Amino acid sequence: MRTLHTSQGRLLAGALALTLLAGCTPDDGSTGGSGTTEDTAEGGGSGDEGVATSTSTPVTEGAPEGLEEFYGQQLQWSECEGSFECASLTVPLDYAEPEGQSIDLALLRAPAEGETQGSLLVNPGGPGGSGVDYAQMSAMVLSGEVRAAYDVVGFDPRGVARSAPITCFTDEEMDDLLSFDPTPDDASEESASAELMESFAQACGENAPELVGHVSTVEVARDLDVLRAALGDETLTYLGASYGTFIGSTYATLFPERVGRLVLDGAIDPGLSGLEMGLGQAAGFERATRAYVEDCVASGECPLGSDVDSAMERIPAFLDELDANPIPVEGDAAGELTEGWGLYGIIVAMYDEGAWPILSQAFESAFAGDGTMLMYLANAYASRSSDGSYEGNGMQAIYAVNCLDRPAEGAEDLDDEAVLQQFEEAAPTWGRYLAGDGACEYWPAEAGETVEDYSAAGADPILVVGTTGDPATPYQWAEGLAETLDSGVLLSYQGEGHTAYGRSNDCIDDAVDAYLLEGTVPEDGTTC
């Protein structure tokens with residue numbers, strides 16, 4: 001199975017444009033190490049830090065017993081990354097044993113451009129996305145009015161990027177994992193695929209034995225409350241995109257009385273199993289792919305063909321061709337475009353319709369025997385440079401988080417032909433790629449705490465935003481989350497792409513801004 005990111009669509013589209021202009025993905029910014037010591041784990045900090053600029057005044061009232069020291073810590077902000085400020089937050093590795101090991105989380109703050117009304121915490125999704133990087137790009141995400149009113153604070157969740165990152169495989173091993181045949185053709189390939197997934201899971205356990213069982217979303221949500229208190233905020237104001245919505249809904253469940261203004265954009269339905277999520281994503285990417293193909297065919301110059309149905313069939317046929325005969329790429333350490341790389345190169349363009357013309361150019365080149373453009377697209381998805389190095393550890397952290405949050409369904413389901421048929425019926429193009437449990441079947445740890453009821457009873461109104469054509473977090477998930485939350489309010493964007501705020505239209509942006517700035521809640525069911 002290929003685990004697909006639920007990452008912020010606008011940032012992916014921007015990365016694609018930069019990638020193709022530069023001929024490569026961004027420079028390697030990966031961080032190594034994921035182990036802990038008996039006291040404090042490595043991984044804090046988020047850049048070259050300068051002179052201390054300010055110290056926070058924490059809010060300690062209501063701190064859970066045994067966690068008073070964490071809730072009462074003072075954040076030491078210092079200049080970094082140009083006009084930003086950086087700090088680190090210390091949290092317990094295991095909330096059940098707060099007196100034991102601890103880890104440091106990297107923080108970055110973009111100070112309010114006007115008089116601040118508090119902190120707006122942000123997360124871009126993933127799992128595995130860097131909130132530090134997201135906050136640095138706040139001008140792309142947030143309106144000027146919101147940036148003027150809030151100190152925008154990004155954090156790298158535990159196990160991610162600069163916050164005690166889980167690193168299981170080397171860059172070369174990650175290339176092997178991502179480029180491997182995603183649809184094994186015979187028993188030998190099936191065995192090799194299983195061995196590769198098992199070795200990845202084992203490597204995570206060996207390289208990060210303490211952390212591998214402590215990167216669940218429940219623990220991230222608990223970290224978020226420690227951060228809220230350390231920042232000096234009585235309640236949480238938060239913008240979570242994609243997987244970031246799951247962090248937000250989990251937070252609301254654990255701390256409903258501390259919910260301020262929460263925007264959950266590109267929502268995940270917390271009641272779904274891993275199997276149901278896979279089916280939903282398969283159907284979502286199928287819809288998005290058909291929308292792309294319809295647009296491509298309507299242009300009159302579509303490299304896939306002049307008929308929508310035949311053009312749709314051309315995509316899996318092309319991937320089968322890559323399986324049999326990979327095509328060369330220029331200027332990339334991969335050397336050739338395999339079926340695995342081709343899959344990611346196509347999938348990434350479904351996150352934002354602005355990338356559709358780029359994908360059409362890539363298809364045209366690939367059909368002529370040159371896989372370079374599709375490899376660029378695959379690199380953008382994987383945060384990989386053409387030299388084979390990876391920026392951060394997002395492609396590894398996604399397994400670590402997902403396998404704790406939604407464990408494997410069970411061995412009896414893995415070889416069930418009925419399950420595979422269900423996926424293929426939901427998504428003739430993508431179903432076969434998303435069926436199964438992948439590395440989670442072999443994951444060496446289980447989450448220590450889970451949540452059953454996500455109603456978040458008693459929380460103030462929570463704004464849930466859904467996009468009708470969203471491939472990565474299908475619209476039905478937003479409907480499900482809004483219905484699950486007692487105070488959920490659904491705001492819908494009728495359009496294509498992943499997430500809505502900052503990349504759709506003024507109707508969405510104005511509604512979200514009014515909620516964040518004034519607390520004005522749109523009417524439930526508003527459609528833009």
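The values are calculated or read from the model by the stated rules, or taken from the named source; none is laboratory data. Quantities reported herein were computed from a predicted structural model and do not represent experimental measurements. Glycine gets a Cβ as well: all are built from the backbone with ideal geometry, and neighbour counts include every protein chain shown. For the accessible areas, the whole protein counts, side chains as well, though only heavy atoms, and no ligand, DNA or RNA atoms are used. Shrake-Rupley method; radii C 1.70, N 1.55, O 1.52, S 1.80 Å.
Looking only at the stretch 171-190, filter to residues that are under 23 Å from Tyr390 (Cα atoms) and part of a loop (DSSP other than H, G, I, E, B); which one of those is most open to solvent (accessible area, probe 1.4 Å)?
Among residues in the stretch 171-190 that are under 23 Å from Tyr390 (Cα atoms) and part of a loop (DSSP other than H, G, I, E, B), the one most open to solvent (accessible area, probe 1.4 Å) is Phe180.
Look at (1) modelled with pLDDT of 95 or more; (2) at negative phi; (3) surrounded by 21 or more Cβ atoms within 10 Å (Cβ to Cβ) and you find that Ser138 fails only one, number (1). The number of residues in the stretch 407-431 that are open to solvent by 20 Å² or more (accessible area, probe 1.4 Å), modelled with pLDDT of 90 or more and either in contact with a Lys or Arg (Cβ under 9 Å, 6 or more places away or on another chain) or among the basic types (Lys, Arg) (or both) comes to 1.
Given the stretch 76-170, what helices (runs of 4 or more DSSP H) lie entirely inside it while holding 1 or more residues that are closer than 25 Å to Asn393 by Cα and not β-branched (Val, Ile, Thr)? Reasoning before the result, please.
On the way: elements: 131-136, 138-141, 144-149.
Answer list for the stretch 76-170: 131-136, 138-141.
Of everything in the stretch 466-475 that is of a type outside the set (Gly, Ala, Ser) and in contact with a helix residue (DSSP H, G or I) (Cβ under 7 Å, 6 or more places away or on another chain), the residue that is most open to solvent (accessible area, probe 1.4 Å) is Thr468. Of all residues in the stretch 359-368, those satisfying the criterion of being open to solvent by less than 30 Å² (accessible area, probe 1.4 Å) and farther than 16 Å from Glu336 by Cβ are Leu359, Ser360, Phe363. The residue that is least open to solvent (accessible area, probe 1.4 Å), counting only those in the stretch 335-358 that are more than 18 Å from the chain's Cα centre (by Cα) and over 22 Å from Pro184 (Cα atoms), is Ala355. Contact map, the stretch 507-528: residues that are of a type in the set (D, E, K, R) paired with residues that are not in a loop (DSSP other than H, G, I, E, B), Cβ distance under 7 Å, separation 6+ or inter-chain. Pairs shown: Asp513/Glu145; Asp513/Val146; Asp524/Val489; Asp524/Leu490.
Looking at the stretch 101-109, is at least one residue more than 25 Å from the chain's Cα centre (by Cα) and open to solvent by 20 Å² or more (accessible area, probe 1.4 Å)?
yes
Residues of the stretch 255-302 that are closer than 17 Å to Asp470 by Cβ, open to solvent by 10 Å² or more (accessible area, probe 1.4 Å) and assigned to a loop (DSSP other than H, G, I, E, B): Asp269, Pro270, Leu272.
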